[in-house]
Amino acid sequence: MYDPLKRLFDLVAASLLLVLAAPVMLVVALVVLATMGRPVLFRHTRPGRHGTLFDLVKFRTMHEVDPARGLVTDAERLTRVGRWLRASSLDELPELWNVLRGEMSLVGPRPHLVKYLELYTSEQARRHDVRPGITGLAQVRGRNAIGWEEKFTYDIEYVDERSLLLDLRILAATVRVVVRREGIAAPGAATWHEYTGPPKIREGVTSASAR
């Protein structure tokens with residue numbers, strides 16, 4: 001019964017949150033438009049449940065890559081408004097549409113980049129046994145301040161232990177994390193560090209390139 005109840009909860013909660021957050025989303029959209037121009041929304045293909053691809057929707061926080069203007073790295077492209085949106089997690093609000101469409105859940109492992117799929121171990125790939133979430137166990141236990149291996153450990157823990165009670169606990173903990181603005185960026189990075197695969201894969205790549 002968990003999956004049908006979780007889906008029903010997602011539909012009701014996401015619908016209610018979209019209505020309540022509509023004025024805030026309108027203000028954010030106008031601010032992004034005034035400071036960065038179009039597009040206001042950032043769309044990026046991500047893997048969902050069972051690896052099915054979908055378009056993640058967020059508020060835009062960065063300028064487009066433009067080497068001529070010195071806009072290449074995340075640190076260079078991230079705007080002042082973008083930093084504020086990320087710090088407050090307001091950039092995530094459009095993902096409620098992904099929840100309504102059934103591509104995401106309120107709670108689940110965060111959807112990462114498509115190129116990471118080929119780097120996962122069979123155990124790490126189990127994170128795709130469930131719908132990805134706007135928030136998740138890894139987000140309330142460190143977010144971007146923890147390493148990739150630790151994130152994946154929490155993702156699999158969620159897959160194995162998931163329940164409505166755990167979902168409610170994660171949602172409540174998310175409020176605390178957002179208010180305290182914890183783990184917004186990885187140490188030494190403007191956003192997060194790229195995932196390059198498990199240690200054994202990285203060592204294999206290094207050894208092969210050294211030959």
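The values are calculated or read from the model by the stated rules, or taken from the named source; none is laboratory data. Note that the structure is predicted; figures quoted are calculated from it, not measured. So basically every Cβ, Gly included, is an ideal-geometry build from the backbone, and we count neighbours across all protein chains shown. Ligands, DNA and RNA are stripped out before the accessible areas are found, and what is left, the full protein with its side chains, is counted by its heavy atoms. Shrake-Rupley method; radii C 1.70, N 1.55, O 1.52, S 1.80 Å.
Please report how far the C-alpha centroid of the stretch 1-62 lies from that of the stretch 95-163, rounded to the nearest whole angstrom.
Measuring centre to centre over Cα atoms gives 16 Å.
Taking a temperature of 4 °C and a viscosity of 1.567 mPa s, what whole-number D in µm²/s does Stokes-Einstein yield for the stretch 88-136 with Rh from Kirkwood over alpha carbon pairs?
For the chosen part, D equals 112 µm²/s.
Taking θ as phi - 60°, what are the ³J(HN,Hα) couplings along the stretch 155-162 by the Karplus curve (6.51, -1.76, 1.60), each to the nearest whole Hz, with x for Gly and Pro?
Once rounded to whole Hz, the list reads 4, 5, 4, 5, 4, 7, 10, 4.
Run the numbers for Glu150 and Ser88: contour at 0.36 nm per residue of separation, minus the present Cα-Cα distance, in nm.
20.0 nm
Show me, for the stretch 76-81, the HN-Hα J-couplings you get by feeding each phi into the Karplus relation (A = 6.51, B = -1.76, C = 1.60, θ = phi - 60°), rounded to Hz, glycine and proline as x.
6, 8, 5, 8, 4, 5
Carbon and sulfur: what percent of the stretch 88-133's accessible surface (1.4 Å probe)?
Looking at the stretch 88-133 in its full context, I get 54 percent from C and S.
Show the residues, 5+ positions off or on another chain, whose built amide H is closer than 5 Å to the amide H of Gly133.
Correct list: Ser105, Gly108, Arg110.
In straight Cα distance, which aspartates and glutamates are under 16 Å from Lys6, not counting same-chain residues fewer than 8 positions off?
Result set, ordered by chain and number: Glu103, Asp129, Asp160, Glu161, Asp167.
At Leu20 and Glu157, where each label point lies 7 Å from the Cα along Cα→Cβ, what is the point-to-point distance in nanometres?
The modelled label-to-label distance comes out at 2.7 nm.
Below 15 angstrom from the Cβ of Arg60, what's the summed charge of the other residues (Lys, Arg +1; Asp, Glu -1)?
In short, 0.
I'd like the Kirkwood hydrodynamic radius of the chain, using the inverse of the mean 1/r over distinct C-alpha pairs, in Å.
Roughly 18.2 Å, rounded to one decimal.
Rounded to whole Hz and in sequence order, give me ³J(HN,Hα) for the stretch 93-104 from the Karplus expression 6.51 cos²θ - 1.76 cosθ + 1.60, θ = phi - 60°, writing x for Gly and Pro.
Residue by residue, the stretch 93-104 yields 3, x, 5, 4, 5, 4, 5, 4, 6, x, 7, 9 Hz.
Leaving ligands, DNA and RNA out of it, report the carbon-plus-sulfur percent of the accessible area of the stretch 23-79 at a 1.4 Å probe.
In the stretch 23-79, the share of accessible area belonging to carbon and sulfur is 61 percent.
Before rounding to the nearest 500, sum -39500 (n - 2.57) across all DSSP H runs of length at least 4 in the chain and divide by the residue total; then give [θ] at 222 nm in deg cm²/dmol.
Mean residue ellipticity at 222 nm (helix-derived): -15000 deg cm²/dmol.
Per 0.36 nm of contour for each residue apart, how much would the distance between Glu64 and Phe42 grow if the chain were fully extended, relative to their Cα-Cα spacing?
Additional length available on full extension: 6.9 nm.
How far apart, in nanometres, would the label points at Asp74 and Leu168 be if each is projected 7 angstrom from Cα along the Cα-to-Cβ direction?
3.4
Could you state the accessible area per residue of the chain in Å², with a 1.4 Å probe and every protein chain left in place?
54
Which far-off residues, 5 or more places away or on another chain, put their amide H under 5 Å from the one on Gly197, with H placed in the peptide plane?
The list, which skips near neighbours in sequence, is empty: none.
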